[in-house]
1. Return yes or no: is Thr73 within 30 Å of Lys172 (Cα to Cα), hydroxyl-bearing (Ser, Thr, Tyr) and touching a helix residue (DSSP H, G or I) at 6+ places or on another chain (Cβ under 7 Å)?
2. Can you pull out every residue in region 1-26 that is of a type in the set (Asp, Glu) and modelled with pLDDT under 90?
3. Within the group Val194, Val205, which residue is within 23 Å of Ala44 (Cα to Cα), under 17 Å from the mean Cα position of the chain (by Cα), in a helix (DSSP H, G or I) and at pLDDT 95 or above?
4. Of all residues in region 85-120, how many are over 18 Å from Gly160 (Cα atoms), in a loop (DSSP other than H, G, I, E, B) and in contact with a Leu (Cβ under 7 Å, 6 or more places away or on another chain)?
5. When you scan region 142-178, how many residues do you find that are assigned to a helix (DSSP H, G or I), surrounded by fewer than 19 Cβ atoms within 10 Å (Cβ to Cβ) and in contact with a Ser or Thr (Cβ under 7 Å, 6 or more places away or on another chain)?
6. All but one of (1) touching a helix residue (DSSP H, G or I) at 6+ places or on another chain (Cβ under 6 Å); (2) under 15 Å from Ala38 (Cβ atoms); (3) open to solvent by less than 40 Å² (accessible area, probe 1.4 Å); (4) not acidic (Asp, Glu) hold for Ala210; which doesn't?
7. Consider Ala234 carefully, then state whether it is surrounded by 15 or more Cβ atoms within 10 Å (Cβ to Cβ), of a type in the set (A, V, I, L, M, F, W, C) and free of Cβ contacts under 8 Å to residues at least 60 places away in the same chain.
8. Under 8 Å by Cβ, and 6 or more places apart or on different chains, what pairs join a residue from region 86-107 that is under 13 Å from Val45 (Cβ atoms) with one that is among the charged types (D, E, K, R) and assigned to a strand (DSSP E or B)?
Amino acid sequence: MNDSLIIRGIEFKSRLWVGTGKYKNFEETAKAIEASGADVVTVAVRRVNILDKTQENLLDYIDPKKYKILPNTAGCYTVEDALRYARLAREAGISDMVKLEVIGDEKTLFPDVCGLLKATEILAKEGFIVFPYTNDDPITAKRLVDAGAAAVMPLGAPIGSGLGIRNPYNIKIILETVNLPVIVDAGVGTASDVAIAMELGCDAVLVNTAIAGAKDPIMMAEALKHACIAGRLAFRAGRIPKRLYASASTTFEGMLT
């Protein structure tokens, strides 16, 4: 069955989105992306040479006919920096989409919520399709919707921590609160974390470090692909209710005594 995710009229066939940081080289990056089955690939405008077309860069290894390039403002600590790099990516012809990060603290890499809301509103008014990376706060999620975000991207745990989804209850509340796609971003460590996010009902999961930092990134990318598919199918199928006591899978009704 077709279960594509559609955001602002754009069809996303895979619900696993992948980042491109921390790999050994561009070749490994390309192989991991292929193994993941993703069709959305994020690239950091600030940290990766994607604007100077005279030099080798990541985009030489990513076919724009096959993948949707999602520029991100990783490493930006001010609204002004985030706006600058988002605009640079669009002017370079990369995309009108942007994964928006406005970081508030160097140690935790938690978002600057006030700056994020301001930058979201500005970029949305300029016609950007904004995917803001935020904390797992339902109130912030609602305000990002009001600011013009195309989706909300709450963290599962701090960036690169591999801790998995630490507060599934907040993620669930966000899912019930906002009328936009919810994409878990940051903190994923392994396949089960992806499955949990999808079983909660999240629309997609964005992963970078869990793949790039694995002992075998290509194998991990494939594992996360299957976890994403399995988690989504489980959500759509509808899990059984949790019970305090046992419920026999075989009843005695109609059996001979």
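1. So Thr73 fits the description; yes.
2. Of everything in region 1-26, just one residue is of a type in the set (Asp, Glu) and modelled with pLDDT under 90, namely Asp3.
3. Among Val194, Val205, only Val194 is within 23 Å of Ala44 (Cα to Cα), under 17 Å from the mean Cα position of the chain (by Cα), in a helix (DSSP H, G or I) and at pLDDT 95 or above.
4. Going through region 85-120 one residue at a time, the tally reaches 2.
5. Number of matching residues: 1.
6. (1)
7. no
8. Ser95/Lys68; Met97/Lys68; Lys99/Asp185
The values are calculated or read from the model by the stated rules, or taken from the named source; none is laboratory data. Values in this document were obtained by computation on a predicted structure and should not be read as measured data. Counting neighbours? That spans all protein chains shown, and the Cβs are built from the backbone with ideal geometry, glycine included. For accessibility, only protein heavy atoms count, side chains too; no ligands or nucleic acids. Shrake-Rupley method; radii C 1.70, N 1.55, O 1.52, S 1.80 Å.
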